[in-house]
Amino acid sequence: MTATVTTPGARRARVLSKRAVLPWVFLAPGLLLALVFKFLPMGKGVWLSFFKVRPFLGDKWVGLDNYTRVLTDHRFQDAIGHTLLLGIGMSLGGIVVGFVLALLLEGQTRSLKIVRAAVFLPVVTATAVVGEMWRLLYYPTSDGLINHGLSFLGIGPTPFLDNPNTALWATMVMSIWMLAPYNMVIILAGLAGVDRTLYEAAAMDGVSLWQRLRYVTLPAIRPALGIVLTLAAIRGLRVFTEVYVLTGGGPAGSTEVWMTRAYTLGFTRNDIGGASAASVVLLCVTLLLTVTVNYFRTRGDAR
């Protein structure tokens, strides 16, 4: 009868292998869902972008014709301008307002925690619900809350969403209102790591509030601002629900962005190939922008 001797090295290797496998066991359900509902449809969309999709008749290979048609379409070209304007405005506005909210609500008192939770509510509320609420706020008569307030200033009712000159700006305001609390939480995490002795030293030196923000606070929270900027850049290009709920791309296409145009192309005009090509172009631009922002962020952190 022979006895099996397990060496300490073999026992340690078995424990390490279990530790290496265990995280993947917990990640497997999420990865499977992402594969089925995200990555496989994404691959199918890339494949369909090279075809003229004809249900029940068979798809016809068209190569890059869908991309050429999308990039030369004047409606898509107008949508690019609207997307950039809305994306830059909501991103910068969300960062600035989020930074101000973080400075105002920084602290550990119980009352501030309650206020921060209340301010964060727009983030956890469904975008469709927020859009409908802002539609009521923008109601184009004196019954609307905003127009009712403007009436006290002697300003007549303004059709914010029905006027091509104001619809995009009205959408931008709602987007900033939604994004600022999310940015606030990330910036608050960055502010929590700032060395308080720096503030004390600055106060003893008679440094002004603006100089304290510029030379102490902003350099200390640069990593948090980099994360906020990256996420804002991605959200800005992919904006859809806010525009779709508020204006649907109107009036007269004045708020049509890239995603709403792709949606119209695919689900209204049944041009699945063109909509897929537009989505792939947006994906490539988003990846390029994300890599660029991360490059400059890591370069700045290295300095």
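The values are calculated or read from the model by the stated rules, or taken from the named source; none is laboratory data. Source: prediction; values computed, not measured. Cβ placement follows ideal geometry from the backbone for every residue including glycine, while neighbour counts extend to all protein chains displayed. The accessibility values were calculated without ligands, DNA or RNA, using every heavy atom of the protein model including side chains. Shrake-Rupley method; radii C 1.70, N 1.55, O 1.52, S 1.80 Å.
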For 199, 244, give me the order by solvent-accessible area with a 1.4 Å probe, most accessible first, ignoring ligands, DNA and RNA. 244, 199
Once amide H atoms are placed 1.01 Å from N in the peptide plane, what residues at a sequence separation of 5 or more from residue 51, or on another chain, have their amide H within under 5 Å of its amide H? 62
Within the chain, which complete DSSP H helices have Cα atoms spanning at least 24 Å along the helix axis and a mean Kyte-Doolittle hydropathy of 1.0 or higher? 74-104, 167-192, 272-302
Counting only heavy atoms of the protein chains, get the accessible area per residue of the chain (1.4 Å probe) and round it to a whole Å² value. 61 Å²
So residue 195 and residue 298, fully extended at 0.36 nm per residue minus their Cα-Cα distance, gain in nm 34.9 nm
Listed residues 155, 88, 272; largest mean-square fluctuation, Gaussian network over the chain with Cα springs below 10 Å, found at 155
Just the ratio, please: alpha-carbon radius of gyration of the stretch 144-303 over 2.2 N^0.38 Å, N its number of residues. 1.41
Over all alpha-carbon pairs of the stretch 10-142, lay out the pair-distance distribution in 10 Å bins, whole %, shortest bin first. 8, 14, 21, 25, 19, 9, 2, 0
Between residue 204 and residue 129, the two model label points (7 Å from Cα along the beta-carbon direction) sit apart by a distance in nm of 5.0 nm
The chain - Rg over Rh from alpha carbon coordinates, Kirkwood radius: 1.09
Provide the gained length on full extension for the span residue 27 to residue 92, in nm with one decimal, where the gain is 0.36 nm per separating residue minus the Cα-Cα distance. 19.9 nm
Figure the gain on full extension for residue 177 and residue 220 (residue separation times 0.36 nm, minus the Cα-Cα span) and round it to one decimal in nm. 12.9 nm
Label-point separation, residue 19 to residue 153 (7 Å along Cα→Cβ), nm: 6.2 nm
Cα centroid separation - the stretch 81-124 against the stretch 134-168, whole Å: 24 Å
For the ranges 251-262, 209-220, what's the packing order if you count other beta-carbon atoms within 10 Å of each residue, average per peptide, and put the highest first? 251-262, 209-220
With charges only on Cβ, +1 for K and R and -1 for D and E, what is the dipole size of the chain about its Cα centre, in debye, rounded to 20? 1440 debye
Comparing 188, 105, 32, which has the greatest mean-square fluctuation in the GNM of the chain with Cα pairs linked when under 10 Å apart? 32
Just the number, please: carbon plus sulfur as a percent of the accessible area of the chain, 1.4 Å probe, no ligands or DNA/RNA counted. 69 percent
What 222 nm value per residue comes from the helices of the chain, counting each DSSP H run with n ≥ 4 as -39,500 (n - 2.57) and dividing by all residues, nearest 500 deg cm²/dmol? -22000 deg cm²/dmol
